[in-house]
Every structure is written in structure tokens, then in C-alpha cells.
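Okay, so here's the structure we're looking at.
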Amino acid sequence: MPDNRDWKKYNDQLVRRGEMYITLDFMETWDTEILHMNEGKRGRPFIFPHSLMSFLGFLHVAFLPYRQMEGFLKKLSQYIPQLCAADYSTICKRMHDLDSELSLQDIPPDVVVALDSTGMKVSSRGDWMRHKWRVRRGWIKVHIAVDVKTKKLLALEITDERTGDGQVLPSLVQQSQENCTGDVKRVLGDGAYDSKRNFNFLAHRGIEAGIKTRRNAVTRARGSPSRATHVRERNQLGYDHWRDRYQYGQRWSTETYFSGVKRVFGETTRCHTREALLQEVAMKFLFYNTLLGL
């Protein structure tokens, strides 16, 4: 298959990503942002703007723990006297409350959404250590919805490993609809999303279901006429024609997104508490979406 990628554009995008590691745009809006954040606030006022914490959050998920970020700011303030350095406890508290928005420019109408999940390690210790000392910390499960055309993240859910993929489909689809200017046209998912509940949910909202059903699925409705119709259609067309009809192969866009996040930010976490773990994983995926928008 020929590679039609615009390599000059892709190269420029990678160069712009490097600017994210040292961008100091927050200095230009510091005073204005602090003034806006403290309007009507009761109690101790904010000292550090949200844009600074977003910058530090990017550095944190990339390579710097909280205490090292304090040292980074102190050294940076020696070259920029106007910069007020925050201590690591302040950074940690603000980071837990950081609410980063999805970067969703250029999302076309009639969106086709691909769903999938992956695991993020909560420890860097190897399998031998877990087997030898019988230490199991589990792992974090990340569920995403990706626009197959722009390859951008539309929705995100973070759970533990006991949560099945099919359970989060309604939440992911609803988030995608809220985050898009247009309508969700089709949802693509593997057999983990095959359930009457999910087919009924999509049918109720007028969304086409590109969900792979089981080979031995019965054609009787049994509570889901939509799923029964889907099963009959697949049996009639055969898998190959059904796959082409729904462009099921576009699900690879989720694998590309997972691969990009883990290459850039890694698949292990530094935090220890559950709340901090979930926040750190969420920041990895949200900041990667920001990089795609550059």
C-alpha cells in the first residue's frame, strides 16, 4: 500500500511538539488568568494560573516527578525573575484537580467512532517479581472513543481491570456526542461490545452499530430486534463483506492512539493513591490529544 502521508507536514508537527516541553506562554497571561480565577472565590486566593499547572502536568506525565518539578521551577525562576516557583506539595494538590479539556478542532460531521480499551501498569516491577513474591497490584484499564478520520480522542473512561468493555459503551458514546459539533453516525467495536443492551442503546439514538457479533449468535430478537437484524445481516453477507460494508477495519485508529500515548508518555504510572493514578493516566491521554492538534 502506497504511503500518501505529507511528510513535510508531519515533520513540522513533530517539531512543534518539541515546543510543548518549554513553552512559556503562561507568563504572558499570568496576571489576567489569576484575576479571573479569583473572581468571587472565597478563602485563600489562587497564586498560580491554570496554564502553568497544565504546563507542569505535561512535564509530569512526560518525565518529571513532583519534587523534580519544584527544582525545575526554581532553576527556571533564576533566568525568569517574574516566575514564581511553586513547591511540590502545591503542584501535587493542583495537579489532582487539573481539568484538561479535549482538543477537538476539525472534527467532521457524521462522525464514525471506534471503541477499544488497553491496560496501564501501576508498577514497573516485572512479571518475575509478581510471580516470585506473589505481589499483585492490578492495572488501570483505559477505555477510549476515537474519531476514525482525524484519529483524535472523543471520549475517555478509566476503570480498574474488572470492568468489562461493553459496560462503558453508553458513557463513551454519550461523551462523543457531547464533544462533537455533528452527530455520531456509526460506532465500531469488537466482540467485547456485543450485548443486547448496547445494540438497543445505539438503535434508540439512531446510531449505526458496527459491532462484531459472535459466530454462533442466534437470529431471534430475545429483547433486542436491532441485534437480531444485525446478526442476520452478517450471516447473509458473510464476515468479509460485512467487514467491508461497515468499514470495520477502521478500528485500528484506537490501536494507533494507544501506541502513540505509550510511546510518548510510557505505560507505567508514578502515583500511588487511586485518585492520583486515575488523574495521571487521564493526563497522558488528554495531553497526547493536544499534541495531535498542533
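The values are calculated or read from the model by the stated rules, or taken from the named source; none is laboratory data. Note that this is a predicted model, so its numbers are computed, not measured. Here the Cβ positions follow ideal geometry from the backbone for every residue, glycine too, while neighbour counts run over all protein chains shown.
Condition first: at pLDDT below 95 and among the β-branched types (Val, Ile, Thr). Now tell me which residues in the range 154-172 satisfy that.
Ile158, Thr159, Thr163
Which numbered condition in (1) within 30 Å of Lys121 (Cβ to Cβ); (2) outside any helix (DSSP H, G or I); (3) at pLDDT below 95 is the only one that Arg222 fails?
Tallying (1) within 30 Å of Lys121 (Cβ to Cβ); (2) outside any helix (DSSP H, G or I); (3) at pLDDT below 95, Arg222 fails exactly one: (1).
Restricting attention to the range 246-269, which residues are free of Cβ contacts under 8 Å to residues at least 60 places away in the same chain and outside any helix (DSSP H, G or I)?
If the condition is that a residue be free of Cβ contacts under 8 Å to residues at least 60 places away in the same chain and outside any helix (DSSP H, G or I), then Gly266 is the only one that fits.
Among the residues of the range 155-196, which ones are outside any helix (DSSP H, G or I) and hydrophobic (A, V, I, L, M, F, W, C)?
Passing the criteria: Ala155, Leu156, Ile158, Cys180, Val184, Val187, Leu188.
Taking Val231 and the conditions (1) of a type in the set (Val, Ile, Thr); (2) out of contact with any His (no Cβ under 8 Å at 6 or more places or on another chain); (3) under 23 Å from Val261 (Cα atoms); (4) assigned to a helix (DSSP H, G or I), which numbered condition does it fall short on, given that it satisfies the others?
Result: Val231 passes all but (3).
How about the range 231-278: which of its residues are surrounded by fewer than 12 Cβ atoms within 10 Å (Cβ to Cβ), not hydroxyl-bearing (Ser, Thr, Tyr) and not assigned by TED's automatic domain parsing to the domain that holds Trp139?
Arg263, His272, Arg274, Glu275 - these are the residues of the range 231-278 that are surrounded by fewer than 12 Cβ atoms within 10 Å (Cβ to Cβ), not hydroxyl-bearing (Ser, Thr, Tyr) and not assigned by TED's automatic domain parsing to the domain that holds Trp139.
The conditions are (1) within 28 Å of the chain's Cα centre (by Cα); (2) in a loop (DSSP other than H, G, I, E, B); (3) over 20 Å from Ala282 (Cβ atoms), and Leu64 fails exactly one of them. Which is it?
(3)
Are any residues in the range 166-201 among the charged types (D, E, K, R), surrounded by fewer than 19 Cβ atoms within 10 Å (Cβ to Cβ) and under 18 Å from Arg215 (Cβ atoms), and if so, which ones?
Listed by number, the residues that qualify are Asp190, Lys196.
Please specify each residue of the range 189-245 satisfying the condition of being among the charged types (D, E, K, R), out of contact with any helix residue (DSSP H, G or I) (no Cβ under 6 Å at 6 or more places or on another chain) and in contact (Cβ under 8 Å) with a residue 24 or more places away in the chain.
Hits for the range 189-245 are Asp190, Asp194, Arg197, Arg205, Glu208, Arg222.
Test Trp128 against the stated conditions and say whether it is out of contact with any strand residue (DSSP E or B) (no Cβ under 9 Å at 6 or more places or on another chain), surrounded by fewer than 20 Cβ atoms within 10 Å (Cβ to Cβ) and either aromatic (Phe, Trp, Tyr) or modelled with pLDDT of 95 or more (or both).
For Trp128, the condition - out of contact with any strand residue (DSSP E or B) (no Cβ under 9 Å at 6 or more places or on another chain), surrounded by fewer than 20 Cβ atoms within 10 Å (Cβ to Cβ) and either aromatic (Phe, Trp, Tyr) or modelled with pLDDT of 95 or more (or both) - is met.
Could you list all residues from the range 144-159 that are farther than 17 Å from Gly293 by Cα and either surrounded by 22 or more Cβ atoms within 10 Å (Cβ to Cβ) or over 15 Å from the mean Cα position of the chain (by Cα) (or both)?
Ile144 - this is the single residue of the range 144-159 that is farther than 17 Å from Gly293 by Cα and either surrounded by 22 or more Cβ atoms within 10 Å (Cβ to Cβ) or over 15 Å from the mean Cα position of the chain (by Cα) (or both).
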